[in-house]
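Colleague: Let me give you the structure first, and then I'll get to my questions.
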Amino acid sequence: MSDLNQKIKEVIIKSLELEDITPEDIYDDAPLFGEGDRSLGLDSIDALELGIAIKENFGVSFSTVNEETKKHFASVNALAAYISANSPS
Amino acid sequence: MKSVAGKVIFAALSVLYPALVFCGLVFWDISPRRLSLLLIGLAFVLFFNTTQGRRNAAGGAGTVQGNGAVPAGGEGAVSTGASIAGRESAANSLKDYALVVLMLACGGVSFFADSLLFLEFYPVLVSLSLLAFFGISLWKKPSFAFRMACLGDRRLQASPERAFVERYCDRVTLAWCFFFVFNAVVASFTVFVGDEKIWSLYNGLISYILIGIFFAVEFMVRKMMQKKMHSYIPVCELQRDSRPADMVVCFDGDSVRTWADFTDDVSKVRRYLEERENAPWILHCEDSYYFMVGLLAMLQGGRKALVTANRQEAFIKEIQKPGYGFLTDEPFAGATLIQDVLQNTESDGRWNTFDKDSAPIVMYTSGTTGEPKMVPKMFCQFENELFELVKVFGDDWVNRKVYSTVNHHHIYGLLFTVLLPTATGLPYRRHRIDYPSELANIAGEAAVIASSPAYLKRLAADAEGPIAFKTTPIIYSSGGPLPEEVARKCEGITGYWTTEIYGSTETGGIAYRQSKNGPIWTPFEVCKMSIGENDCLNVKSSYILEPEGFTTGDLVEIYDDGRFLLKGRADSIVKIEEKRISLPEVENRLKQTGLVQDVRVVPMVGKRQYLAAAIVLNADGVARFKDQPKLEINNFFKAHLNQFLENTVTPKKWRYLEELPQDTQGKIKMRDIQALFGLPESKNFRILKMHKEPGALSLKLVFPADSDFYDGHFPAFKLLPAVAQVDMVALLAHALLETPRAVQKIQRTKFSYPVLPDAVTNLEMTFKADTNKVLFTYTNEAGRMLSTGTLVMQAGA
């Protein structure tokens, strides 16, 4: 589980070309999007990029954006849960 | 009045003419000579009518109608039973006089020769004169059928469908011409056969039946054509019964909203608004349907609408003056949730048109002053633009569904994704398409997709191959230029060369292009281009209210035919993924923190467009962030900006410097700062200052103690290895002086003193392009030379 989280964080940093951030700086349970103290502060363009990166790296895609998918993008933990539930392997 | 009676008599006699002649001959045994008096009488009635018609030209004396049943049919060809205006009477009367002469001649010959032959020619004459009349109208447009259609629907003349209807009417007129030729031929044939029974059977019955059949067929064809036509109605003129109650207004998966739902919901929201104090309302709804319900309720209810894409709390606070309402579809403190209004309000069934010239809407873009710029609009501006868009693109849209990848709170999204579908009765999807992969899901639909470069770039990069669209979609893009290669790739994926729209919030749509035809823009017909202040494009159009037009920030070259080429922006407003942002605004917001001495924000293009901020902290800033990791400082400034700006336009990359990059005159150039950001942040070195001239670079650097450079070298006594010093020179020269990256040879190097961790170190270098040599010198803060040397760069690498 934590391996997957680590991998997700690396994918986030790499695909979004985040500067000054290491995987250790990303909280497992903090929001990825929007503002807030612990939030990673990603924006809607990042969301698209990240969706593509996750598809490339984990083979899991997001078909439509609705309240449901927004939930999956809520945090690293949520993403990990979604990926392990939908992973092809 | 007399002329009307005359017309009625003439029409009745003309229709009954064959029957009268037949009865006169066969039953009443009247001689041709006496019968010819009928024709001569008819000629006099026509003459009388014509002169009357001329005298009261505006009175609508229909000289054409007088020719009998056939032209009455001509009238019905397209119009819905309109009376004929006397407008064309001058041209017609000449023909009528000719007909009078012919009729008198035929009547005269019949009278004196006591012969039937010329009496029977009358129907042929009528056919031929109608042929002449219809034929001339085809030659001297507008055609007769189209004139009739315009009388039936007075809006047609100035409607965007005019060209389409006119083409159809021309064809109908031509078909009538063929019919008259046929009728004249057959009628003359019946004359020469010499049998009055056959003559009167054809001219008195069959001919009329044929005319009836012609009408029926044309009516059916017209109904079919109407299906191919969009049913454009200006939004302000929409009536409650303008559309069928079960027409689909919008859809979301399998659930739909019908016109009846829509009118009901609008009246609910409107009632809610009207029960409250008359004040402007802020409107933000992510759901296109809710948005349109809210907007129309405000327009019909006479409430000023403030349409904003930005719903950051601080921004709403800025624009929400006391008494202003806020209608939204997402929970927001103090706002009215549109879902609650729809659920808790009874519809009173009210619906009305509204005055587009006094229905204000406010839109927002970012201004240069530091405040978000408000752009006040009147609804007539949108209406006029809709009209133009329907005229240019409307025919392509028929029977399609509208999809969007853009925000309808901005002008392009507003026009294309909600107002146009509403005005043309096309169903739209309530939610945006966010991901490129979603596009394949609508491959079975005939779609109009309002998109933007941001989405299409991703589509081009992400799609695995062509999408098998059943009907090739129509794709629009606006908000920024769409690179030609992206348009080409998207054509490969969708089969359609994206139509780009160029415009702005202030001007609305100005021009359009498809990159397959090159980068030249074709202006909309109503847009008049000229070169304004600072060589920028000035536009005047029916949807720009200022008589002097609007001068954009875009440099332009205008060709003789009115088309034009854009040559870049002239000011400091940039677009980040279609979001317009003023750089000074971001800079001013950062200075507001009181911790910043100097700052430059620059636009960057990489995998995506983003902003980057180079900041010089003031004494307070330095004290406040002492010993804090860089991430913490970034987050502080980001959090501050997020109160005012959307996440997308807050800077993604940050550099904290002692001084902004500049040349020896102290000039700060955007390109130098961009070059600085082109160098990825590294934990191995930090740049504190940068002075740059062509071919020369001076840097103030620090190599932190935790840098990788010291690994494996003298752990007890860290110093920067010579190889690292050389590589740093090559790296920086490449990034900032644009030299080749690879080093071919190292010459005349001398390493006199160590470069120490965390110590401020200066690096000077010059680059000679002709010899491809970089000369470098490291010095310490005191100015002592630490090392020096020459790198010969790999040419062409």
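Colleague: Please go through the stretch B:427-445 and pick out each residue that is open to solvent by 10 Å² or more (accessible area, probe 1.4 Å), touching a helix residue (DSSP H, G or I) at 6+ places or on another chain (Cβ under 6 Å) and more than 14 Å from chain A (Cβ to nearest Cβ).
Modeller: Matches in the stretch B:427-445: none.
Colleague: Related question: Taking A:ALA85, is it exposed (fewer than 13 other Cβ atoms within 10 Å of the Cβ) and part of a helix (DSSP H, G or I)?
Modeller: Spelling it out, A:ALA85 is indeed exposed (fewer than 13 other Cβ atoms within 10 Å of the Cβ) and part of a helix (DSSP H, G or I).
Colleague: Restrict the check to the stretch B:662-672 and report whether at least one residue is surrounded by fewer than 19 Cβ atoms within 10 Å (Cβ to Cβ) and in a strand (DSSP E or B).
Modeller: There is at least one residue in the stretch B:662-672 that is surrounded by fewer than 19 Cβ atoms within 10 Å (Cβ to Cβ) and in a strand (DSSP E or B).
Colleague: Now a separate question. In this structure, is B:GLU646 within 13 Å of B:TYR610 (Cβ to Cβ), within 11 Å of chain A (Cβ to nearest Cβ) and open to solvent by 30 Å² or more (accessible area, probe 1.4 Å)?
Modeller: Against the criterion (within 13 Å of B:TYR610 (Cβ to Cβ), within 11 Å of chain A (Cβ to nearest Cβ) and open to solvent by 30 Å² or more (accessible area, probe 1.4 Å)), B:GLU646 qualifies.
Colleague: Could you list, in sequence order, the residues of the stretch A:47-68 that are open to solvent by 10 Å² or more (accessible area, probe 1.4 Å) and within 11 Å of chain B (Cβ to nearest Cβ)?
Modeller: Scanning the stretch A:47-68 gives A:ALA47, A:LEU48, A:GLU49, A:ILE52, A:LYS55, A:GLU56, A:SER61, A:SER63, A:THR64, A:VAL65, A:ASN66, A:GLU67.
Colleague: A further question on this structure: Tell me which residues, restricted to the stretch B:518-564, are of a type in the set (A, V, I, L, M, F, W, C) and in a strand (DSSP E or B).
Modeller: Scanning the stretch B:518-564 gives B:TRP521, B:MET529, B:ILE531, B:CYS536, B:LEU537, B:VAL539, B:PHE550, B:LEU555, B:VAL556, B:ILE558, B:PHE564.
Colleague: Part of a loop (DSSP other than H, G, I, E, B) and closer than 23 Å to B:ARG257 by Cα - does that describe any residue in the stretch B:312-328?
Modeller: Within the stretch B:312-328, not a single residue is part of a loop (DSSP other than H, G, I, E, B) and closer than 23 Å to B:ARG257 by Cα.
Colleague: Condition (residue is over 25 Å from B:LYS373 (Cβ atoms), away from chain A (no Cβ under 13 Å) and not hydroxyl-bearing (Ser, Thr, Tyr)) applied to the stretch B:629-639: is it met by at least one residue?
Modeller: no
Colleague: Suppose the filter is open to solvent by less than 10 Å² (accessible area, probe 1.4 Å) and over 34 Å from the mean Cα position of the chain (by Cα); does B:VAL191 pass it?
Modeller: yes
Colleague: Suppose we keep only residues that are open to solvent by 40 Å² or more (accessible area, probe 1.4 Å) and at pLDDT below 90 within the stretch B:679-691. Which one would you say is farthest from B:PRO661 (Cα to Cα)?
Modeller: B:LYS683
Colleague: Something else about it: So in the stretch B:524-564, with the set limited to residues that are touching a helix residue (DSSP H, G or I) at 6+ places or on another chain (Cβ under 8 Å) and of a type in the set (A, V, I, L, M), which one is most open to solvent (accessible area, probe 1.4 Å)?
Modeller: Per the criteria, the residue is B:LEU545.
Colleague: Within the stretch B:446-497, how many residues are touching a Pro at 6+ places or on another chain (Cβ under 9 Å) and hydroxyl-bearing (Ser, Thr, Tyr)?
Modeller: 5
Let's see how each residue does on (1) outside any strand (DSSP E or B); (2) within 12 Å of chain A (Cβ to nearest Cβ); (3) closer than 23 Å to B:LYS692 by Cβ; (4) of a type in the set (Ser, Thr, Tyr):
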{"residue": "B:GLU585", "(1), (2), (3), (4)": "yes, no, no, no"}
{"residue": "B:THR593", "(1), (2), (3), (4)": "yes, no, no, yes"}
{"residue": "B:LEU641", "(1), (2), (3), (4)": "yes, yes, no, no"}
{"residue": "B:GLU659", "(1), (2), (3), (4)": "yes, no, yes, no"}
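Colleague: Further question on the same structure: Keeping to the stretch B:607-628, report how many residues are over 18 Å from B:ASN642 (Cα atoms), within 12 Å of chain A (Cβ to nearest Cβ) and either open to solvent by less than 10 Å² (accessible area, probe 1.4 Å) or out of contact with any helix residue (DSSP H, G or I) (no Cβ under 9 Å at 6 or more places or on another chain) (or both).
Modeller: 0
Colleague: A further question follows. Taking the stretch B:714-744 as the search range and keeping residues that are among the aliphatic types (A, V, I, L, M) and more than 52 Å from the chain's Cα centre (by Cα), which one is surrounded by the most Cβ atoms within 10 Å (Cβ to Cβ)?
Modeller: The qualifying residue surrounded by the most Cβ atoms within 10 Å (Cβ to Cβ) is B:LEU720.
Colleague: While we're on this one: Where residues in the stretch A:21-46 are outside any helix (DSSP H, G or I), charged (D, E, K, R) and open to solvent by 40 Å² or more (accessible area, probe 1.4 Å), which of them is nearest to the other protein chains (Cβ to nearest Cβ)?
Modeller: A:GLU35
Colleague: Could you check B:TYR403 against (1) part of a strand (DSSP E or B); (2) away from chain A (no Cβ under 14 Å) and say which number it fails?
Modeller: (2)
Colleague: Of all the residues that make up the stretch A:34-48, how many are in contact with a strand residue (DSSP E or B) (Cβ under 9 Å, 6 or more places away or on another chain) and not hydroxyl-bearing (Ser, Thr, Tyr)?
Modeller: The number of residues fulfilling the criteria is 8.
Colleague: Oh, and also: Suppose we filter the stretch B:465-487 for residues that are within 22 Å of B:ILE576 (Cα to Cα) and open to solvent by 30 Å² or more (accessible area, probe 1.4 Å); how many remain?
Modeller: Of the residues in the stretch B:465-487, 4 are within 22 Å of B:ILE576 (Cα to Cα) and open to solvent by 30 Å² or more (accessible area, probe 1.4 Å).
Colleague: Residue check, B:ASP395 against (1) surrounded by 18 or more Cβ atoms within 10 Å (Cβ to Cβ); (2) away from chain A (no Cβ under 14 Å), all met but one. Which one?
Modeller: Failing condition for B:ASP395: (1).
Colleague: Given the stretch B:199-292, what strands (runs of 3 or more DSSP E) lie entirely inside it while holding 2 or more residues that are surrounded by fewer than 22 Cβ atoms within 10 Å (Cβ to Cβ)?
Modeller: B:248-252, B:255-258
The values are calculated or read from the model by the stated rules, or taken from the named source; none is laboratory data. Keep in mind that what you see is a predicted model, and the values were worked out from it rather than measured. FYI the Cβ positions are ideal-geometry reconstructions off the backbone, even for glycines, and counts take in every protein chain you see. SASA here: full protein model, heavy atoms, side chains in, ligands and nucleic acids out. Shrake-Rupley method; radii C 1.70, N 1.55, O 1.52, S 1.80 Å.
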